[in-house]
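Encoded as C-alpha cells, the structure appears first; notes follow it.
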Number of protein chains: 2
Amino acid sequence: MAMKLPKGFEAAGTKAGIKPSGLQDLGLIYCLDPTAWALTSTRNQVKAACVSRNQSIYRAGTPIRAVVVNSGNANAATGNQGIKSDEDFGIFTANALNLTDSQSVLTASTGIIGVQLPIDKVYQALPSLVKNLKSESPGFAESILTTDTTTKEVAVVLKNGARVVGIAKGSGMIHPDMATMLAFVLTDAVIPQETLRDLWPRIVDESFNQLTVDGDTSTNDMALVMSSNRVPEDALELADALNSVCMGLAEKIAQDGEGATKLMIVQVRGARSATEARLAARAVALSPLVKTAVHGNDPNWGRILAAVGASGASFNQEKILVKLQGTVVYENAPQNFDLEKLSSTMNTETVLIEIDLKVGNHSAKAWGCDLSAEYIRINAEYTT
Amino acid sequence: MAMKLPKGFEAAGTKAGIKPSGLQDLGLIYCLDPTAWALTSTRNQVKAACVSRNQSIYRAGTPIRAVVVNSGNANAATGNQGIKSDEDFGIFTANALNLTDSQSVLTASTGIIGVQLPIDKVYQALPSLVKNLKSESPGFAESILTTDTTTKEVAVVLKNGARVVGIAKGSGMIHPDMATMLAFVLTDAVIPQETLRDLWPRIVDESFNQLTVDGDTSTNDMALVMSSNRVPEDALELADALNSVCMGLAEKIAQDGEGATKLMIVQVRGARSATEARLAARAVALSPLVKTAVHGNDPNWGRILAAVGASGASFNQEKILVKLQGTVVYENAPQNFDLEKLSSTMNTETVLIEIDLKVGNHSAKAWGCDLSAEYIRINAEYTT
C-alpha cells in the first residue's frame, strides 16, 4: 500500500543490517516544519533507553522535527552502553537531517531485549535513509516490523482536506497497560500542541490500550502523534478522525497477533463507567481460555462470563447478557442454542463477543485474537 | 497413593454418572465430630451456587461436619435452578449422613460452567458414597479431578503425631486471585476455630494465591481447612505444616497444569514488601512469553525483566539480578553466558528463575508451568 502522507511529512525505510533476515530495519519520519506532538509510552518500569529519552524531551515541551526508528533490536536493558547508543541514534539522525538540535529528533527501537544496538550500522545507513525521504509511507511502514506479517496503515480524510495517517507495528508482547506497540499518527490538520496533548491519552485509552495479544507489556511501547499544522479543520472532526485511525490500527494489530487465525472483537455495553466498560472488554479479550475457545470454534460462553466476573467491572450475574456471533447464549440464565450451528458461525475471520452488563450506559470495545499452537511455536524459538 | 487421613476424618469417592467419561465424579469428606474450619473462595464476581452457599455458612461461624464435591459440572451461571440444585446437594448429603442440619455440609462443584447439575444422579449415588467412607484418601482424591492427569495429595506429620493432609484438584483456569482450584486440608491437630480463620488466608496468600496456569480465575475456587481437634500440638509447628502442605499442593497443581511439560518455580528476593515480592513472582509465572520461552528452552531473560517491570513491584533496572537455572543472566547490565549450554540446562522437568530486586529483604515464591501447544489443544476442544 503506497499511502500518501499528510502535507509537510516525509518518510523512508532502509536496510541497515540490524535484522539477521536482511529485511528493512531502519525508518525515519521527517516533518518539514516544527510539529505539534503528543506521546504516550509504556508503563513498564523496565524502559528502553529511547522511552526515557523521549519522555524527557516530552517534558521540555518543544516542537520536534523527526522520529527515527529501528526494528530487530529493542535496545532495552542494555545498561549505560545502550543509553549512549540511543543518544547517538538521535545525534547522528539530527546531523544527517542538518538539524542543529538532536533533541528535535525522537528515537524508537523494537526487537529483542538485552542485546546492544549496532549503532555503527545505523550511522552508515543514515545518509541513504535521508536521501530516500518521500511523501509516502511504504518504506517506513515496512522498516518498523518485527514478527508482524503485514504493514499496518490507516488513513482518514477530513472535510477541508486535512488528512490523518497512522502507521503502526505490533504482533506480540501486546497488552493494554500503555501503548502496547509502536504507532505513529501524522496529520496536517491545525491543532495547538496543548489541545493535542490533552486529547491524545484519551484516544490511546480507547484504542491501543484496549488491545491485547498475550498479556505481556513491552519495554519499548510508544504511540506518537504529530501535526504539521497546515490545514485548518474542525477540532471535533479531527478528534474523531484520530480516534478512528487509532481504532483501525488497534484492530489491524490484533488481526496480525502472533499466531492469530482470527480477530476477536469484544463490545461491552451497559457499564457503570467508561473505565469499567474498558476493564470488562479487555478482560475477555485477554483470557487465554476465551482465546483458545475462539480458536477451536467452541461457544464456551462460561469462560466469557468468568472473565467478566474477574475483571473488576460491576454487574449482576442474574441479569448480564452475553451474545456470541449475534446469538444470545446467556441472559439471566443459560439460553438454549444450537451448539453445532453456533460453532460453525465461529469458523470465520472475525468473532464478535457482545456483553451487556445492564448497570449503566457506558460502552467500550477491545480487540484481541485467538491463541493458537503457532503462537507457541513463534515464541518458544525466539532467541535460540 | 493410599494416604491415611488425620484422626476423626473419613472420605470416599464414587461414580455418579456426571462425567461423560464414566470416571469417579462424586466425593465426600466426613468428620466424626464437629470441626473447626476456615475457607477462602474465588474473588470472581460470577460465583457458583456452592461458593455463595458456603460463604453464607462461613459467616454463621458454626462448626461443620462434611464437604461433598462433584466434578464434571461447575453448577455455575445456572440461574435459580442451579441454586436449588446446590441446596438439594447439601440436604441430600446431610440426610445420607444422618445429620439433622444441612448447613453442616459444605458443597463444592467443578467442571463445565453453565450446564445444570444432574442432581437426581447425585441423589442416587449418595447412599453408596456414604457406605464407602474410609479413613483413607484415594477415592476422594480421584473423584474431584477434571482435566488433571494425576491426584494431588501432600501430608506432613507433626511432633506429637498430629497430621496435616491436603488433597487438591486443579489444572486449568488457575490464577492467583483467590484460591484458584479446590483444595481440602484436614488436620487432627488442636486449634481454635478463630486462630484457624486468622491463619488460613495468610497461608493461602503464600501458596495457592502464588500459583498460575493461565491467568483465568475460576468461578468455583475454594480452599478449605478443617480440624477434628484431636491431637494437642504446637501452634507454630501446625502453621508451618499447613504452609508446607499448601505449598506442596500448589507445586503439584502447577506441575500438572494443562498441557504443561515443565514446572516453573519463580523465587523473588530483595523486595520492599511481601506483597511486592509476591506480585513480581506471580507476574513472571503468568507471562505467556516467559512460559513459551521456558517451553522452548530459550534463555530469553529480557521477557523475565519485562514481566517484573510490568508487575508493579519496585526496583531499579540498573541493579536487579536475574538468574536462570543458577546462571546469572542480568545484573546491572546483560551478562555474558553460553547460550547453548544454558538452553540445555532448561531441557528438564523443573526450571528455576531467581530474581533479586535489591531494594529490601522480603521474598516470595510463585509456581507456574510452561505454555505448550497441548494447552491449546485441550482448551480449543472443551465443550464441542
Could you name the residue in chain A with the C-beta closest to the rotation axis that superposes chain A on chain B, along with the separation in whole Å? A:373, 2
When only C-alpha pairs under 8 Å and at least 6 residues apart count, what is the relative contact order of the range B:68-118, in percent? 61 percent
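From the Cα gyration tensor of the range B:263-380, with a ≥ b ≥ c the square roots of its eigenvalues, which class applies: rounded if a/c is under 1.5, or else prolate if a/b is larger than b/c, or else oblate?
Numbers: a/c = 2.07, a/b = 1.31, b/c = 1.58.
Cα axes put the range B:263-380 in the oblate bin.
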Relative contact order (percent, whole number), chain A, Cα cutoff 8 Å, 6+ residue spacing: 18 percent
Set of aspartates and glutamates near residue A:19 by C-alpha distance (under 18 Å), chain-local residues within fewer than 8 positions excluded: A:86, A:120, A:142, A:148, A:381
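Largest first, what is the accessible-area ranking of B:21, A:372 with a 1.4 Å probe? Numbers along the way, then the final one.
Numbers: B:21 80, A:372 5 Å².
Sorted descending by solvent-accessible area, the residues read B:21, A:372.
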For residue A:192, go 7 angstrom from Cα along the Cα-to-Cβ vector, then report the distances to that same point in the other copies in nm, smallest first. 6.7
Could you size up the charge dipole of chain A around its Cα centre, putting +1 on the beta carbon of Lys and Arg and -1 on that of Asp and Glu, and report it in debye to the nearest 20? 320 debye
Just checking the output field for B:308-314: average partner chain Cβ neighbours within 10 Å of each residue's Cβ? 5
If you wrap a convex hull around the alpha carbons of the protein assembly as shown, what volume per residue comes out, as a whole number of Å³? 146 Å³
With the full set of protein chains in place, find how many percent of the accessible area of chain A is carbon and sulfur; take the probe as 1.4 Å. 49 percent
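How large is the charge dipole for the protein assembly as shown, taken about the Cα centre, if only the Cβ atoms of Lys, Arg (+1) and Asp, Glu (-1) carry charge, to the nearest 20 debye? Could you put the intermediate results ahead of the total?
On the way: 68 positive and 80 negative charges, 85 e Å.
I would put it at about 400 debye.
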Among B:334, B:63, B:288, residue whose mean-square fluctuation peaks in a GNM of chain B (springs only between Cα atoms under 10 Å): B:334
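So what's Rg/Rh here for the range B:45-143, counting alpha carbon atoms and using the Kirkwood radius for Rh?
0.95
Please give the net charge around residue A:34, taking every other residue with its beta carbon less than 11 angstrom from that of residue A:34, where Lys and Arg add +1 and Asp and Glu add -1.
Numbers: positive: A:65; negative: A:33, A:101.
Surrounding charge for residue A:34 is -1.
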Under a Cβ-Cβ cut-off of 13 Å, what is the net charge of the residues other than residue A:195 that fall near it, where Lys and Arg count +1 and Asp and Glu count -1? -2
Got the residue A:244 label distances to the other copies yet, label 7 Å along Cα→Cβ, in nm, shortest first? 6.6
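With r defined as the distance between the Cβ atoms of residue A:100 and residue A:43 and R0 fixed at 35 Å, what FRET efficiency is calculated, to the nearest 0.05? Intermediate values should be presented prior to the final figure.
On the way: r = 33 Å, r/R0 = 0.95.
That gives a FRET efficiency of 0.60.
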Whole-Hz Karplus couplings 3J(HN,Hα) for the range A:255-260, θ = phi - 60° and coefficients 6.51, -1.76, 1.60, Gly and Pro as x, run 4, 9, x, 3, x, 5
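In percent, how large is the relative contact order of the range A:263-380, given Cα pairs closer than 8 Å and 6 or more residues apart? Please list the in-between numbers first.
Details: 241 pairs, mean separation 55.0, N = 118.
Dividing the mean separation by the residue count of the range A:263-380 yields 47 percent.
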Per residue, how much accessible area does the protein assembly as shown show when a 1.4 Å probe rolls over the protein heavy atoms, in square angstrom? 35 Å²
I need the peptides B:184-190, B:347-353 ranked by packing, meaning the mean over residues of other C-beta atoms within 10 angstrom, with the highest value on top. B:184-190, B:347-353
How much length is gained on full extension from residue B:339 to residue B:273, taking 0.36 nm per residue of separation minus their Cα-Cα distance? 20.4 nm
3J(HN,Hα) from dihedral phi, the range A:9-20, Karplus parametrisation 6.51/-1.76/1.60, rounded to Hz, x for glycine, proline: 10, 9, 8, 7, x, 8, 9, 9, x, 7, 6, x
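Among the listed pairs A:262/A:358; A:152/B:341; A:319/A:365; A:121/B:291; A:262/B:84, give every one whose C-alpha distance is greater than 31 Å.
Values: A:262/A:358 28 Å; A:152/B:341 39 Å; A:319/A:365 20 Å; A:121/B:291 33 Å; A:262/B:84 39 Å.
Result: A:152/B:341; A:121/B:291; A:262/B:84 exceed 31 Å.
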Based on alpha-carbon centroids, what's the gap between the range A:318-384 and the range B:132-152 in Å, whole number please? 34 Å
Measuring from its Cα centre, the range A:237-384 shows a charge dipole (+1 at each Lys and Arg Cβ, -1 at each Asp and Glu Cβ) which, in debye to the nearest 20, is 380 debye
Charge-dipole axis of chain A as Lys and Arg at +1 and Asp and Glu at -1 on Cβ define it, positive-most pick from A:76, A:22, A:146: A:76
What are the label-to-label distances in nm, one decimal and shortest first, from residue B:43 to the same spot in the other copies, with labels 7 Å along Cα to Cβ? 1.6
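Could you work out the mean count of beta carbons from other protein chains within 10 Å of each residue's beta carbon in B:282-293?
Numbers: counts 0, 3, 0, 0, 2, 6, 13, 10, 2, 4, 11, 6.
The per-residue average across the peptide is 5.
The values are calculated or read from the model by the stated rules, or taken from the named source; none is laboratory data. The model shown is predicted, which means the values in this text are computed figures rather than measured ones. Here Cβ is always computed from backbone atoms with ideal geometry, including for glycine, and neighbour counts include all displayed protein chains. Quick note on the areas: whole protein, heavy atoms, side chains included, nothing else; ligands and nucleic acids left out. Shrake-Rupley method; radii C 1.70, N 1.55, O 1.52, S 1.80 Å.
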